[in-house]
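Below is one structure; the comments refer to it alone.
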Amino acid sequence: MRPRDLLCPKPAGLYCPPGDFYIDPVRPVPRALVTHGHSDHARAGHGAVLATQQTLDIMGLRYGEDFAGSTQAAAFGETIQVNGVDVTFHPAGHVLGSAQICVDHGGTRIVASGDYKRRPDATSQPFEPIRCDVFITEATFGLPVFRHPPDTHEIGKLIRSTEQFPERAHLVGAYALGKAQRVIRLIRDAGYERPVFIHGALAKLCDYYQSEGIDLGDLRPATVEGGAKGDFAGAIVVGPPSAFADRWARRFPDPISAFASGWMRIRQRAKQGGVELPLIISDHSDWDELLETIVETGASEIWVTHGREEALVRWCELQGIAAKALHLVGYEDEGD
Amino acid sequence: MNRFAELLDRLVLTPARNGKLTLLVDYFRTVEDPDRGYALAAITGDLSIAAIKPAMLRTLVTERMDPVLFGYSYDYVGDLAETVSLVWPELPPERKPNHAPTLGEVVDALQSASRSDGPTVLARLLDSAGIEARFAIIKLVTGGLRIGVSARLAKQALADFGKVDVAEIEELWHGLKPPYNELFAWLEGKAPKPEKAAKALFRPVMLSNPVEDRDLEKLEPADYAAEWKWDGIRVQAVSEGGIRRLYSRTGDDVSGAFPDLVDAMDFSAALDGELLVGDPREATGTFSDLQQRLNRKSVSPKIREKFPAFMRCYDILQLGEEDLRPLPFIERRKRLEAFIATLDPRRFDLSPLAPFTNWEDLNRMRTSPPHPIIEGVMLKRLDSPYLAGRPKGPWFKWKRDPHTVDAVLMYAQRGHGKRSSFYSDYTFGVWQGALGEEELVPVGKAYFGFTDEELKQIDKFVRDNTIERFGPVRSVRADRDNGLVLEVAFEGLNRSTRHKSGVAMRFPRISRLRWDKPTIEADRIETLRAMLD
Ligand SMILES: [Zn+2]
Ligand SMILES: [Zn+2]
């Protein structure tokens, strides 16, 4: 079977004609396979959703229990038939429960990566490379300039800053699903045992991670009712980046704004955002990891989606690997 | 190298002065010699490394990677040094040196490289460093760290680090060389002050306060001497043990711009006075004559001949081996008068005293001075020693035209018609807020009062110091340590509720560019409020 007959881009997302399903559709469809819980990949209102149990749980937390007509949980490594097409979920290492979806039919195997990273992460199942004919890779950081440093190094900067500026609150911007929990866990793994304060928008997901056995230590709500400004001196406060721009942030003493994101690699990005302490921590693969993964899958053809496609396509051409950009729209990269 | 790289990154993104000081002090405390000294030299601009041109950097990197991928990367990042630091290919682990170079090693390698092997040495260093360190190395070789830290701020950090007065650091500074091991040893209390190490050091200057309402009625005229206030450039001429230096009031060495004056410094003393142009025995040049000698890297013999520099002296701080600063003004004045008589009269003269009997008298002299380059009078207490800084009481300045303020350039806008290719409309501000937390508040806008030559200079300043653009307007770097001071003259001042500052100027114009003046010494909003009509 020709790959383009097995999966093809449609306005609603990546469509599988023989299986009659979409992967990560951006608008409501009768049957959706969802790679992970970020809102640009996992949307409410589909007829039936097939995803890992953790992704289903996360969708339930974010959209309410009735986010889809029906749901079915896929275990990692278990092959499920959807209208006669073999479908298998494999860990993507991106956030808790995130999966790559392997679609196998008529002798052709395509792996849709969703979003993925290769670095060890205590809050997510580790990525597994899957041999395939076509590998559909994300390209969020698909430029040679994106090279993520070790996350432990970045967390070290944060902790050193709390020692340098013990009178200032450290506000760490991190997206609510995945990044926030990973950052808190890294802070714990660095030996920081003081309470970490969290914005209300993170509470549900942090509770969920803890209930899944991921220890995040002593978390407290970052509210000042009943407390003084000085209570947050030298404290680490984690919240969604959007909260730091509004009144909420003004309650803290002379705050230092930190932001945990792969985009912080570019100085101008940090400057424009008024970030004093950029933490280059990403839940996506960096350039070197994208290349390494492409090679490991053994795929003879690479399809590139959401991100900076042109550089990755160029690199594949230089290696003699067929590559094209899918030009799917609607993926805004909530997670980094 | 990594600590230095991290320091640079933190400094760029830390807006508050106190935050920058904390970062610098922490760096000095936790990093060892000689690295911290080289970092200091890099920040103060005292590190000399042969420059590598951007084109060479581009060649080095495109020899190592696909030029198309480099092009995509550079387009995205927009900064060459940063792009190269990020995309520089990592050597495979077995070929990578197992030791990342320290800042000291990087500086050694770069300083000992010849012109022709500079690029090879640079490439080897980039191979052995990580991303952040590569960025710092490239910044060192391409010149200009641009981290928003002035030499003065760095010296303040040293003072905080060693818990000494910044004046002590400034006084020592020119006698010291990177990596400043003896300076750090002293600041850490491990060695004596490296005081007599060098000759012809700068002495921190004594500054005056403006005469304000009711100041004078509390003072006794007989306790003070008056001098004319010359509208030149405050300088300090120091010559000791064969070393001659001419310093600006902030301790910058400006000898290079005034070789004619330095040639005449065949004495052993430290003099305080005003730099002017002309022949003091015949005529003193105007401020626009003086402008011909300012802000130039080198001065042609023709200009030197047409506008010879001389120094009109009003104080003597050192004579031979003797430090005269503890002596009362009247004593120093006697020594000064005797000493000036022995110098080349074309290059040095005495700023004469202006005798007066009462304040009325002095007020008349102030408002109708005998020479156009006099901008008022100075009052100096006869019994006052020479003190660094701006002590309240011993010295006053009383300006002729009360309607001028020193303001800081904040925004510049493109002009119209003939001037549309220049940034020629300027918004300027003065300081407000508590000491140490000053902020600039805009007080007016002016678009005339400067010459075409000055317009070009300001335009260049604006382009080199832009921090943000909004359409035709650029906001320029203006903080405690960086920026351009404009002397603004105006006809009057009204209260205004429309302006954040609460004041509105009538007919403001730029009367002088004060390249020599540190921004923090610009006027405060209180000074303007006191002038309200
Ligand atoms: Zn995505
Ligand atoms: Zn995602």
ask   = Can you name the number of the only condition in (1) in a helix (DSSP H, G or I); (2) among the β-branched types (V, I, T); (3) more than 14 Å from chain B (Cβ to nearest Cβ) that A:T137 fails?
value = (1)
ask   = Just for region A:103-121: of the residues that are open to solvent by less than 50 Å² (accessible area, probe 1.4 Å) and assigned to a loop (DSSP other than H, G, I, E, B), which one is farthest from ligand 1 (Cβ to nearest atom)?
value = A:D121
message = The conditions are (1) out of contact with any Lys or Arg (no Cβ under 7 Å at 6 or more places or on another chain); (2) modelled with pLDDT of 95 or more, and B:G256 fails exactly one of them. Which is it?
response = (2)
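Select from region A:248-287 the residues that are of a type in the set (D, E, K, R) and within 11 Å of chain B (Cβ to nearest Cβ) and write down the one among them that is farthest from A:P149 (Cα to Cα).
A:D254
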request  = State which residue is nearest to the chain's Cα centre (by Cα) when the search covers only region A:177-196 and only residues that are in a helix (DSSP H, G or I) and within 16 Å of ligand 2 (Cβ to nearest atom).
outcome  = A:K179
ask   = Among the residues of region A:293-336, which ones are within 13 Å of ligand 1 (Cβ to nearest atom) and loosely packed, with under 13 Cβ neighbours inside 10 Å?
value = A:V329, A:E332
request  = Would you confirm whether any residue within region B:87-96 is within 14 Å of chain A (Cβ to nearest Cβ), assigned to a helix (DSSP H, G or I) and open to solvent by less than 10 Å² (accessible area, probe 1.4 Å)?
outcome  = yes
message = So if I check each of A:W315, A:W303, which one is within 14 Å of chain B (Cβ to nearest Cβ) and either touching a His at 6+ places or on another chain (Cβ under 7 Å) or away from ligand 2 (no atom under 16 Å from the Cβ) (or both)?
response = A:W315
request  = Determine which member of the set B:R414, B:R419, B:R346 is within 26 Å of B:T451 (Cα to Cα), at pLDDT 85 or above and open to solvent by 50 Å² or more (accessible area, probe 1.4 Å).
outcome  = B:R414
inquiry  = With the structure loaded, tell me whether A:A169 is of a type in the set (A, V, I, L, M, F, W, C), outside the structural domain of A:V49 (by TED's automatic domain parsing) and over 19 Å from A:M1 (Cβ atoms) or whether it fails that test.
reply    = yes
ask   = Pick from region A:140-151 the residues that are open to solvent by 10 Å² or more (accessible area, probe 1.4 Å) and within 14 Å of chain B (Cβ to nearest Cβ): which of them is nearest to ligand 2 (Cβ to nearest atom)?
value = A:H148
query = When you go through (1) charged (D, E, K, R); (2) within 16 Å of ligand 2 (Cβ to nearest atom); (3) in contact with a helix residue (DSSP H, G or I) (Cβ under 8 Å, 6 or more places away or on another chain) one by one for A:D115, which number turns out not to apply?
reply = (3)
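Say we look at region B:1-34 and pick out the residues that are away from chain A (no Cβ under 14 Å) and farther than 21 Å from B:A123 by Cα; which of these is surrounded by the fewest Cβ atoms within 10 Å (Cβ to Cβ)?
B:E32
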remark   = Just one listed residue, out of B:D79, B:D26, B:D75, B:D35, is at pLDDT below 95 and within 24 Å of B:A154 (Cβ to Cβ), and it is B:D79
ask   = Can you tell which of A:E292, A:E309 is away from ligand 2 (no atom under 16 Å from the Cβ), out of contact with any Lys or Arg (no Cβ under 8 Å at 6 or more places or on another chain) and within 14 Å of another protein chain (Cβ to nearest Cβ)?
value = A:E309
query = Within region B:58-68, restricting attention to residues that are open to solvent by less than 60 Å² (accessible area, probe 1.4 Å) and in contact with a Leu (Cβ under 8 Å, 6 or more places away or on another chain), which residue is nearest to the other protein chains (Cβ to nearest Cβ)?
reply = B:D66
request  = With respect to B:I138, determine if the residue is open to solvent by less than 20 Å² (accessible area, probe 1.4 Å) and free of Cβ contacts under 8 Å to residues at least 24 places away in the same chain.
outcome  = no
ask   = Right, A:Q81: at pLDDT 95 or above, more than 14 Å from chain B (Cβ to nearest Cβ), more than 20 Å from A:D133 (Cβ to Cβ) and more than 16 Å from ligand 2 (Cβ to nearest atom) or not?
value = no
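The values are calculated or read from the model by the stated rules, or taken from the named source; none is laboratory data. Being a predicted model, the structure only gives us computed values, none of them experimental. Reconstructed Cβ throughout: ideal geometry from the backbone, glycine too, with neighbour counts over all protein chains shown. Areas reflect the complete protein model, heavy atoms only, side chains present, ligands, DNA and RNA absent. Shrake-Rupley method; radii C 1.70, N 1.55, O 1.52, S 1.80 Å.
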